[in-house]
Amino acid sequence: MTNLWVKGYAALASTLFVGSTILPAYAHADLAETVPSLTEALTTSPEELRLTFTESVEIAFSEVSIVDSEKTEIQVGELSLDPEDNKTLVVPIEVALVAGTYTVEWAVVSADGHKIEGSYDMTIAP
Amino acid sequence: MDAWLYFFRFFHYAAALQLFGTAVFQAWMAPPNLRRAMSAFEERVALCSAVVLLVSGVGWLLTVAGSMGSGWADTINPDVVFRVLRATQFGQVWTWHLAIAVMILPATALVSRVRMGWTLLAILSALALGGLGLIGHASALDGFVGVLNRASHILHALSSGFWLGSLLSLIYVLGLLRSSDFGRDADMALHRFSGLGHGAVAIALATGISNSWFVLRHAELNPTTPYQAMLLLKILLVCSMLVLALVNRYVFVPRIPNGPGIRQLRDGTIAEIVVSAAILTLVSVLGVLSPS
Ligand SMILES: [Cu+2]
(Lines give C-alpha, C1' and ligand atoms only; values in the text may rest on other atoms or scores of the structure.)
Protein backbone atom coordinates (compact mmCIF):
# COMPACT_ATOMS: atom_id res chain seq x y z
CA MET A 1 0.00 0.00 0.00
CA THR A 2 2.71 2.44 1.04
CA ASN A 3 4.75 1.32 -1.93
CA LEU A 4 1.87 2.11 -4.29
CA TRP A 5 1.56 5.60 -2.82
CA VAL A 6 5.26 6.24 -3.29
CA LYS A 7 5.18 5.04 -6.90
CA GLY A 8 2.07 7.04 -7.75
CA TYR A 9 3.54 10.09 -6.11
CA ALA A 10 6.84 9.74 -7.98
CA ALA A 11 5.01 9.25 -11.30
CA LEU A 12 2.87 12.32 -10.68
CA ALA A 13 5.75 14.51 -9.58
CA SER A 14 7.92 13.53 -12.55
CA THR A 15 5.10 14.05 -15.08
CA LEU A 16 4.43 17.50 -13.70
CA PHE A 17 8.12 18.31 -13.60
CA VAL A 18 8.67 17.28 -17.23
CA GLY A 19 5.52 19.14 -18.23
CA SER A 20 6.61 22.30 -16.54
CA THR A 21 10.06 22.43 -18.15
CA ILE A 22 8.60 22.85 -21.66
CA LEU A 23 6.50 25.82 -20.61
CA PRO A 24 6.84 29.51 -21.24
CA ALA A 25 6.80 31.58 -18.09
CA TYR A 26 3.69 33.44 -17.28
CA ALA A 27 3.02 36.60 -15.45
CA HIS A 28 -0.20 38.35 -16.29
CA ALA A 29 -0.43 38.38 -20.06
CA ASP A 30 1.22 41.20 -22.01
CA LEU A 31 1.47 42.60 -25.50
CA ALA A 32 4.09 40.51 -27.32
CA GLU A 33 4.13 41.79 -30.89
CA THR A 34 2.41 44.25 -33.17
CA VAL A 35 1.90 44.64 -36.93
CA PRO A 36 3.06 47.14 -38.07
CA SER A 37 5.90 46.60 -35.63
CA LEU A 38 6.96 49.24 -33.13
CA THR A 39 10.16 50.02 -35.07
CA GLU A 40 8.73 50.03 -38.58
CA ALA A 41 8.93 53.38 -40.45
CA LEU A 42 5.48 53.87 -41.93
CA THR A 43 5.02 55.97 -45.07
CA THR A 44 1.31 55.28 -45.59
CA SER A 45 -1.66 54.46 -43.37
CA PRO A 46 -1.87 50.76 -42.47
CA GLU A 47 -5.20 49.06 -43.27
CA GLU A 48 -5.27 47.22 -40.00
CA LEU A 49 -3.36 46.79 -36.76
CA ARG A 50 -2.59 43.36 -35.37
CA LEU A 51 -1.84 43.06 -31.67
CA THR A 52 -0.51 39.70 -30.49
CA PHE A 53 -0.57 38.92 -26.76
CA THR A 54 1.19 36.27 -24.70
CA GLU A 55 -2.15 34.62 -23.84
CA SER A 56 -5.42 34.24 -25.67
CA VAL A 57 -7.67 37.25 -25.20
CA GLU A 58 -11.39 37.61 -24.52
CA ILE A 59 -12.74 39.49 -27.53
CA ALA A 60 -15.87 40.45 -25.57
CA PHE A 61 -13.76 42.59 -23.26
CA SER A 62 -11.16 43.97 -25.66
CA GLU A 63 -10.87 47.63 -26.61
CA VAL A 64 -8.40 49.41 -28.86
CA SER A 65 -8.47 53.09 -29.69
CA ILE A 66 -6.21 55.32 -31.76
CA VAL A 67 -5.74 58.96 -30.80
CA ASP A 68 -3.82 61.58 -32.77
CA SER A 69 -1.42 64.17 -31.37
CA GLU A 70 -4.37 66.52 -30.69
CA LYS A 71 -5.93 63.76 -28.51
CA THR A 72 -8.76 63.30 -31.02
CA GLU A 73 -9.94 59.72 -31.22
CA ILE A 74 -9.84 58.14 -34.70
CA GLN A 75 -12.74 55.81 -35.51
CA VAL A 76 -11.65 52.16 -35.90
CA GLY A 77 -13.64 49.20 -37.26
CA GLU A 78 -15.00 46.29 -35.25
CA LEU A 79 -12.31 44.27 -33.44
CA SER A 80 -11.94 40.59 -34.20
CA LEU A 81 -9.62 37.72 -33.29
CA ASP A 82 -7.40 36.20 -35.93
CA PRO A 83 -9.34 32.99 -36.75
CA GLU A 84 -6.07 31.09 -36.76
CA ASP A 85 -4.68 32.53 -33.55
CA ASN A 86 -6.83 33.55 -30.58
CA LYS A 87 -3.92 35.55 -29.17
CA THR A 88 -4.04 38.07 -32.00
CA LEU A 89 -6.46 40.98 -32.06
CA VAL A 90 -7.20 42.52 -35.49
CA VAL A 91 -8.12 46.21 -35.60
CA PRO A 92 -9.43 47.44 -39.00
CA ILE A 93 -8.60 51.05 -39.82
CA GLU A 94 -11.47 52.38 -41.91
CA VAL A 95 -10.37 55.98 -42.43
CA ALA A 96 -6.85 56.34 -43.82
CA LEU A 97 -4.54 58.01 -41.31
CA VAL A 98 -2.76 61.17 -42.45
CA ALA A 99 0.90 61.82 -41.65
CA GLY A 100 1.55 62.35 -37.97
CA THR A 101 2.09 60.58 -34.66
CA TYR A 102 -0.66 58.48 -33.13
CA THR A 103 -1.06 56.66 -29.84
CA VAL A 104 -2.61 53.19 -29.85
CA GLU A 105 -4.29 52.49 -26.51
CA TRP A 106 -5.34 48.92 -25.77
CA ALA A 107 -7.15 47.20 -22.92
CA VAL A 108 -7.91 43.48 -23.00
CA VAL A 109 -8.93 40.69 -20.65
CA SER A 110 -6.62 37.71 -21.04
CA ALA A 111 -7.43 34.01 -20.66
CA ASP A 112 -6.69 34.08 -16.92
CA GLY A 113 -9.53 36.61 -16.50
CA HIS A 114 -7.27 39.54 -15.65
CA LYS A 115 -7.51 42.93 -17.27
CA ILE A 116 -4.32 44.38 -18.74
CA GLU A 117 -3.81 47.64 -20.58
CA GLY A 118 -1.12 49.69 -22.27
CA SER A 119 -0.30 51.93 -25.17
CA TYR A 120 2.31 52.53 -27.84
CA ASP A 121 3.11 55.22 -30.41
CA MET A 122 3.02 54.92 -34.17
CA THR A 123 4.34 57.54 -36.62
CA ILE A 124 3.39 57.92 -40.29
CA ALA A 125 5.87 60.03 -42.31
CA PRO A 126 5.64 59.94 -46.11
CA MET B 1 -12.49 46.44 -6.19
CA ASP B 2 -9.54 44.07 -5.76
CA ALA B 3 -10.17 44.03 -2.01
CA TRP B 4 -13.69 42.74 -2.62
CA LEU B 5 -12.34 40.09 -4.93
CA TYR B 6 -9.94 38.93 -2.17
CA PHE B 7 -12.85 38.90 0.25
CA PHE B 8 -15.14 36.77 -1.93
CA ARG B 9 -12.31 34.47 -2.97
CA PHE B 10 -11.40 33.79 0.66
CA PHE B 11 -14.93 32.85 1.70
CA HIS B 12 -15.54 30.91 -1.49
CA TYR B 13 -12.40 28.80 -1.09
CA ALA B 14 -13.07 28.32 2.62
CA ALA B 15 -16.67 27.21 2.02
CA ALA B 16 -15.69 24.82 -0.77
CA LEU B 17 -12.90 23.24 1.32
CA GLN B 18 -15.11 22.92 4.41
CA LEU B 19 -18.01 21.44 2.47
CA PHE B 20 -15.84 18.88 0.70
CA GLY B 21 -13.97 17.88 3.87
CA THR B 22 -17.19 17.54 5.87
CA ALA B 23 -18.97 15.48 3.22
CA VAL B 24 -15.99 13.17 2.68
CA PHE B 25 -15.62 12.67 6.41
CA GLN B 26 -19.27 11.74 6.82
CA ALA B 27 -19.45 9.63 3.67
CA TRP B 28 -16.24 7.63 3.98
CA MET B 29 -14.42 8.21 7.28
CA ALA B 30 -17.18 7.83 9.85
CA PRO B 31 -18.75 4.39 10.42
CA PRO B 32 -22.60 4.47 10.25
CA ASN B 33 -23.24 4.88 14.00
CA LEU B 34 -20.76 7.71 14.33
CA ARG B 35 -22.16 9.32 11.19
CA ARG B 36 -25.59 9.45 12.81
CA ALA B 37 -24.17 10.82 16.04
CA MET B 38 -22.35 13.60 14.19
CA SER B 39 -25.11 14.28 11.70
CA ALA B 40 -26.78 17.25 13.38
CA PHE B 41 -23.47 19.06 13.81
CA GLU B 42 -22.14 18.20 10.35
CA GLU B 43 -25.40 19.20 8.68
CA ARG B 44 -25.25 22.63 10.25
CA VAL B 45 -21.63 23.07 9.12
CA ALA B 46 -22.50 21.89 5.61
CA LEU B 47 -25.53 24.13 5.32
CA CYS B 48 -23.60 27.23 6.43
CA SER B 49 -20.82 26.38 3.97
CA ALA B 50 -23.32 25.83 1.16
CA VAL B 51 -24.90 29.23 1.70
CA VAL B 52 -21.51 30.96 1.90
CA LEU B 53 -20.39 29.09 -1.24
CA LEU B 54 -23.33 30.36 -3.28
CA VAL B 55 -23.32 33.94 -1.99
CA SER B 56 -19.56 34.35 -2.39
CA GLY B 57 -19.73 32.68 -5.82
CA VAL B 58 -22.21 35.29 -7.01
CA GLY B 59 -20.19 38.06 -5.34
CA TRP B 60 -17.07 36.82 -7.11
CA LEU B 61 -18.88 36.92 -10.48
CA LEU B 62 -20.16 40.46 -9.94
CA THR B 63 -16.72 41.72 -8.87
CA VAL B 64 -15.14 40.10 -11.92
CA ALA B 65 -17.76 41.78 -14.13
CA GLY B 66 -16.75 45.12 -12.61
CA SER B 67 -13.05 44.49 -13.10
CA MET B 68 -13.39 43.20 -16.69
CA GLY B 69 -15.83 45.98 -17.50
CA SER B 70 -15.32 49.54 -16.41
CA GLY B 71 -15.68 49.63 -12.66
CA TRP B 72 -18.30 49.58 -9.94
CA ALA B 73 -21.28 50.38 -12.15
CA ASP B 74 -20.61 47.23 -14.20
CA THR B 75 -20.80 44.92 -11.16
CA ILE B 76 -24.59 45.28 -11.31
CA ASN B 77 -24.93 45.90 -15.04
CA PRO B 78 -26.82 42.82 -16.35
CA ASP B 79 -25.39 43.29 -19.86
CA VAL B 80 -21.83 43.07 -18.59
CA VAL B 81 -22.53 40.24 -16.13
CA PHE B 82 -24.13 38.12 -18.86
CA ARG B 83 -21.35 39.00 -21.29
CA VAL B 84 -18.88 37.64 -18.72
CA LEU B 85 -20.90 34.43 -18.32
CA ARG B 86 -21.45 33.84 -22.02
CA ALA B 87 -18.35 35.12 -23.71
CA THR B 88 -15.33 34.49 -21.47
CA GLN B 89 -13.46 31.38 -20.36
CA PHE B 90 -14.03 32.35 -16.74
CA GLY B 91 -17.75 32.75 -17.37
CA GLN B 92 -18.13 29.37 -19.03
CA VAL B 93 -16.53 27.66 -16.04
CA TRP B 94 -18.48 29.84 -13.63
CA THR B 95 -21.86 29.06 -15.21
CA TRP B 96 -21.33 25.39 -14.36
CA HIS B 97 -19.75 26.24 -11.05
CA LEU B 98 -22.73 28.32 -9.90
CA ALA B 99 -25.17 25.69 -11.18
CA ILE B 100 -23.38 23.14 -8.97
CA ALA B 101 -23.41 25.56 -6.03
CA VAL B 102 -27.18 25.92 -6.48
CA MET B 103 -27.65 22.12 -6.56
CA ILE B 104 -25.58 21.79 -3.39
CA LEU B 105 -28.19 23.68 -1.34
CA PRO B 106 -31.02 21.10 -1.59
CA ALA B 107 -28.44 18.29 -1.44
CA THR B 108 -27.26 19.69 1.89
CA ALA B 109 -30.76 20.22 3.24
CA LEU B 110 -31.74 16.62 2.44
CA VAL B 111 -28.41 15.02 3.22
CA SER B 112 -29.52 12.71 6.02
CA ARG B 113 -32.98 12.07 4.61
CA VAL B 114 -31.87 10.38 1.40
CA ARG B 115 -29.74 7.24 1.02
CA MET B 116 -26.13 8.03 0.15
CA GLY B 117 -26.86 11.68 0.85
CA TRP B 118 -23.35 12.41 2.09
CA THR B 119 -21.79 10.59 -0.87
CA LEU B 120 -23.83 12.71 -3.26
CA LEU B 121 -22.79 15.85 -1.41
CA ALA B 122 -19.14 14.75 -1.47
CA ILE B 123 -19.32 14.32 -5.25
CA LEU B 124 -21.06 17.67 -5.82
CA SER B 125 -18.62 19.51 -3.58
CA ALA B 126 -15.68 17.79 -5.29
CA LEU B 127 -16.99 19.24 -8.58
CA ALA B 128 -17.32 22.68 -6.99
CA LEU B 129 -13.86 22.56 -5.42
CA GLY B 130 -12.20 21.04 -8.50
CA GLY B 131 -13.82 23.68 -10.72
CA LEU B 132 -11.70 26.28 -8.96
CA GLY B 133 -8.68 24.68 -10.67
CA LEU B 134 -10.04 25.70 -14.08
CA ILE B 135 -9.90 29.48 -13.72
CA GLY B 136 -7.28 32.17 -13.16
CA HIS B 137 -3.63 31.47 -13.78
CA ALA B 138 -4.35 27.74 -13.91
CA SER B 139 -6.20 28.37 -17.18
CA ALA B 140 -3.68 30.66 -18.81
CA LEU B 141 -2.09 27.94 -20.93
CA ASP B 142 -3.45 26.00 -23.90
CA GLY B 143 -2.75 22.52 -25.16
CA PHE B 144 -1.32 19.53 -23.34
CA VAL B 145 0.61 21.53 -20.73
CA GLY B 146 -2.55 23.51 -20.10
CA VAL B 147 -4.39 20.27 -19.32
CA LEU B 148 -1.53 19.15 -17.08
CA ASN B 149 -1.48 22.47 -15.24
CA ARG B 150 -5.24 22.38 -14.69
CA ALA B 151 -5.04 18.78 -13.47
CA SER B 152 -2.36 19.77 -10.99
CA HIS B 153 -4.49 22.65 -9.67
CA ILE B 154 -7.56 20.40 -9.35
CA LEU B 155 -5.58 17.77 -7.44
CA HIS B 156 -4.13 20.48 -5.22
CA ALA B 157 -7.61 21.80 -4.39
CA LEU B 158 -9.05 18.35 -3.66
CA SER B 159 -6.16 17.07 -1.56
CA SER B 160 -5.96 20.27 0.49
CA GLY B 161 -9.74 20.15 0.80
CA PHE B 162 -9.55 16.67 2.27
CA TRP B 163 -6.84 17.75 4.69
CA LEU B 164 -8.09 21.17 5.83
CA GLY B 165 -11.80 20.53 5.41
CA SER B 166 -11.76 17.55 7.77
CA LEU B 167 -10.14 19.33 10.71
CA LEU B 168 -13.42 20.57 12.18
CA SER B 169 -14.97 17.09 12.04
CA LEU B 170 -11.82 15.79 13.67
CA ILE B 171 -12.23 18.08 16.66
CA TYR B 172 -15.80 16.88 17.08
CA VAL B 173 -14.66 13.25 16.89
CA LEU B 174 -12.06 13.81 19.60
CA GLY B 175 -14.88 14.72 21.97
CA LEU B 176 -16.49 11.32 21.37
CA LEU B 177 -13.34 9.27 21.85
CA ARG B 178 -14.04 8.52 25.52
CA SER B 179 -17.76 7.90 24.94
CA SER B 180 -18.86 4.33 25.67
CA ASP B 181 -21.28 4.36 22.72
CA PHE B 182 -19.10 5.85 20.03
CA GLY B 183 -15.53 5.51 21.29
CA ARG B 184 -14.62 2.59 19.03
CA ASP B 185 -16.13 4.20 15.92
CA ALA B 186 -14.45 7.51 16.71
CA ASP B 187 -11.13 5.72 17.01
CA MET B 188 -11.71 3.99 13.69
CA ALA B 189 -12.58 7.26 11.93
CA LEU B 190 -9.47 8.88 13.39
CA HIS B 191 -7.29 6.10 12.01
CA ARG B 192 -8.92 6.13 8.58
CA PHE B 193 -8.41 9.88 8.40
CA SER B 194 -4.78 9.65 9.45
CA GLY B 195 -4.09 6.87 6.91
CA LEU B 196 -5.59 8.74 3.95
CA GLY B 197 -4.28 12.01 5.35
CA HIS B 198 -0.69 10.95 4.58
CA GLY B 199 -1.60 10.52 0.92
CA ALA B 200 -3.53 13.79 0.79
CA VAL B 201 -0.67 15.73 2.36
CA ALA B 202 1.81 14.19 -0.09
CA ILE B 203 -0.36 15.08 -3.10
CA ALA B 204 -1.04 18.59 -1.78
CA LEU B 205 2.70 19.20 -1.35
CA ALA B 206 3.69 17.71 -4.73
CA THR B 207 1.06 19.66 -6.65
CA GLY B 208 1.75 22.83 -4.65
CA ILE B 209 5.41 22.64 -5.59
CA SER B 210 4.60 21.97 -9.23
CA ASN B 211 2.04 24.80 -9.37
CA SER B 212 4.57 27.27 -7.98
CA TRP B 213 7.15 25.95 -10.42
CA PHE B 214 4.72 26.43 -13.33
CA VAL B 215 4.29 30.06 -12.34
CA LEU B 216 7.83 31.05 -11.53
CA ARG B 217 10.01 28.92 -13.76
CA HIS B 218 11.31 31.78 -15.88
CA ALA B 219 10.57 34.64 -13.53
CA GLU B 220 13.47 36.39 -11.91
CA LEU B 221 13.48 35.24 -8.30
CA ASN B 222 13.06 38.33 -6.23
CA PRO B 223 11.33 37.93 -2.89
CA THR B 224 10.71 41.66 -2.57
CA THR B 225 7.97 41.54 -5.23
CA PRO B 226 4.57 41.22 -3.52
CA TYR B 227 3.71 37.97 -5.29
CA GLN B 228 6.93 36.18 -4.44
CA ALA B 229 7.02 37.51 -0.88
CA MET B 230 3.51 36.18 -0.29
CA LEU B 231 4.31 32.88 -1.95
CA LEU B 232 7.35 32.54 0.29
CA LEU B 233 5.19 33.27 3.34
CA LYS B 234 2.69 30.67 2.13
CA ILE B 235 5.47 28.10 1.83
CA LEU B 236 6.62 28.87 5.38
CA LEU B 237 3.06 28.49 6.66
CA VAL B 238 2.67 25.21 4.78
CA CYS B 239 5.88 23.98 6.43
CA SER B 240 4.47 24.85 9.85
CA MET B 241 1.23 23.04 8.91
CA LEU B 242 3.31 20.01 8.08
CA VAL B 243 5.13 20.16 11.41
CA LEU B 244 1.81 20.53 13.25
CA ALA B 245 0.31 17.58 11.38
CA LEU B 246 3.34 15.39 12.12
CA VAL B 247 3.40 16.36 15.81
CA ASN B 248 -0.33 15.72 16.05
CA ARG B 249 0.00 12.31 14.45
CA TYR B 250 3.24 11.01 15.91
CA VAL B 251 3.50 12.74 19.29
CA PHE B 252 -0.05 13.43 20.46
CA VAL B 253 -1.98 10.47 19.00
CA PRO B 254 0.21 7.87 20.79
CA ARG B 255 -0.53 9.69 24.06
CA ILE B 256 -4.30 9.27 23.67
CA PRO B 257 -4.88 5.95 25.50
CA ASN B 258 -3.99 7.10 29.02
CA GLY B 259 -2.35 10.49 28.76
CA PRO B 260 -3.22 14.07 27.84
CA GLY B 261 -3.30 13.13 24.11
CA ILE B 262 -6.89 14.15 23.40
CA ARG B 263 -6.53 17.67 24.76
CA GLN B 264 -3.16 18.16 23.05
CA LEU B 265 -4.50 16.80 19.76
CA ARG B 266 -7.46 19.17 20.02
CA ASP B 267 -5.14 22.15 20.58
CA GLY B 268 -2.89 21.00 17.75
CA THR B 269 -5.85 20.68 15.39
CA ILE B 270 -7.16 24.13 16.32
CA ALA B 271 -3.68 25.47 15.55
CA GLU B 272 -3.85 23.77 12.14
CA ILE B 273 -7.20 25.47 11.44
CA VAL B 274 -5.76 28.87 12.36
CA VAL B 275 -2.73 28.39 10.11
CA SER B 276 -4.89 27.14 7.26
CA ALA B 277 -7.05 30.27 7.49
CA ALA B 278 -3.86 32.33 7.12
CA ILE B 279 -2.84 30.23 4.11
CA LEU B 280 -6.26 30.73 2.51
CA THR B 281 -5.94 34.48 2.97
CA LEU B 282 -2.67 34.40 1.03
CA VAL B 283 -4.19 32.19 -1.67
CA SER B 284 -7.10 34.61 -2.09
CA VAL B 285 -4.66 37.44 -2.84
CA LEU B 286 -2.05 35.45 -4.78
CA GLY B 287 -4.52 34.42 -7.50
CA VAL B 288 -5.17 38.05 -8.35
CA LEU B 289 -1.60 39.43 -8.30
CA SER B 290 0.77 39.22 -11.22
CA PRO B 291 3.48 36.62 -10.52
CA SER B 292 6.29 38.88 -11.63
CU1 LIG C 1 -3.01 37.22 -14.57
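The values are calculated or read from the model by the stated rules, or taken from the named source; none is laboratory data. Small disclaimer: the values here were computed from a predicted structure and weren't measured. Every residue, glycine as well, gets a Cβ built from its backbone with ideal geometry; the counts of neighbours run over all protein chains shown. Ligands, DNA and RNA are excluded from the accessible area calculation, which covers all protein heavy atoms including side chains. Shrake-Rupley method; radii C 1.70, N 1.55, O 1.52, S 1.80 Å.
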Table column - 3J(HN,Hα) (Hz), the stretch B:201-206, Karplus curve with 6.51, -1.76, 1.60, x for Gly and Pro
5, 4, 5, 4, 5, 4
The stretch B:234-290: relative contact order in percent, alpha carbon pairs under 8 Å with at least 6 residues between
40 percent
P(r) of the protein assembly as shown over all Cα-Cα pairs, binned every 20 Å from zero, in whole percent
24, 49, 21, 6, 0
Whole-percent carbon and sulfur contribution to the accessible surface of the stretch B:101-227 (1.4 Å, no ligands, DNA or RNA) stands at 69 percent
Counting only protein heavy atoms and rolling a 1.4 Å probe, one gets per residue an accessible area for the stretch A:27-124 in Å² of 51 Å²
Pop out the ³J(HN,Hα) list for the stretch A:114-126 in order, Karplus 6.51 cos²θ - 1.76 cosθ + 1.60 with θ = phi - 60°, rounded to Hz; leave Gly and Pro as x.
9, 8, 10, 8, x, 7, 8, 9, 9, 10, 10, 9, x
Report for the protein assembly as shown the percent antiparallel among DSSP-assigned beta bridges with both residues inside it, nearest 5.
95 percent
Within the stretch B:1-75, what whole-number % of the accessible surface is contributed by carbon and sulfur, with the 1.4 Å probe and all protein chains included in the calculation?
71 percent
re the stretch A:27-124: pairs of Cα atoms spaced beyond 19 Å account for a percent value of 37 percent
Step through the residues of the stretch B:266-272 one at a time and calculate ³J(HN,Hα) from phi using the Karplus curve (6.51 cos²θ - 1.76 cosθ + 1.60, θ = phi - 60°), rounding each to whole Hz and writing x for Gly and Pro.
5, 4, x, 6, 4, 4, 4
Rounded to whole Å², per residue accessible area for the stretch B:124-180 with a 1.4 Å probe reads 32 Å²
The stretch B:1-156: Kirkwood hydrodynamic radius (Cα pairs, Å) comes out at 16.4 Å
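Give the average, rounded to an integer, of partner chain Cβ atoms located within 10 angstrom of each Cβ in B:62-72.
Values: counts 0, 0, 4, 1, 0, 5, 9, 3, 4, 0, 0.
That average works out to 2.
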So for A:Thr39, B:Thr88, what's the accessible-area order with a 1.4 Å probe, most first?
A:Thr39, B:Thr88
Principal-axis tilt of helix B:226-247 within chain B, Cα atoms, nearest 10 degrees:
10 degrees
List the residues whose amide H sits under 5 Å from the amide H of A:Leu97, counting only those 5 or more places along or on another chain, with H placed 1.01 Å from N in the peptide plane.
A:Ser45
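Order these peptides, A:90-97, B:137-144, by their mean beta-carbon neighbour count within 10 angstrom, highest first. Please report the intermediate quantities before stating the final value.
Values: A:90-97: 14.5, B:137-144: 18.1.
Result, highest mean Cβ count within 10 Å first: B:137-144, A:90-97.
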Please list log₁₀ I(q)/I(0) at q = 0.08, 0.12, 0.16 Å⁻¹ for the stretch B:2-286, using the Debye equation with identical point scatterers on the alpha-carbon positions.
-0.36, -0.79, -1.30
Student exercise: in the protein assembly as shown, how many lysine pairs 8 or more apart or on different chains have Cα atoms under 29 Å apart?
5
Kirkwood Rh for the stretch B:199-292 from C-alpha pairs, in Å, is 14.8 Å
In nm, what is the difference between 0.36 nm times the number of residues separating B:Leu221 and B:Val251 and their Cα-Cα distance?
7.1 nm
In peptide A:112-119, how many Cβ atoms from other protein chains are near each Cβ within 10 Å, on average?
6
Could you order A:Arg50, B:Arg192, B:Arg113, B:Arg184 by accessible surface area, starting with the largest, using a probe radius of 1.4 Å?
B:Arg184, B:Arg113, B:Arg192, A:Arg50
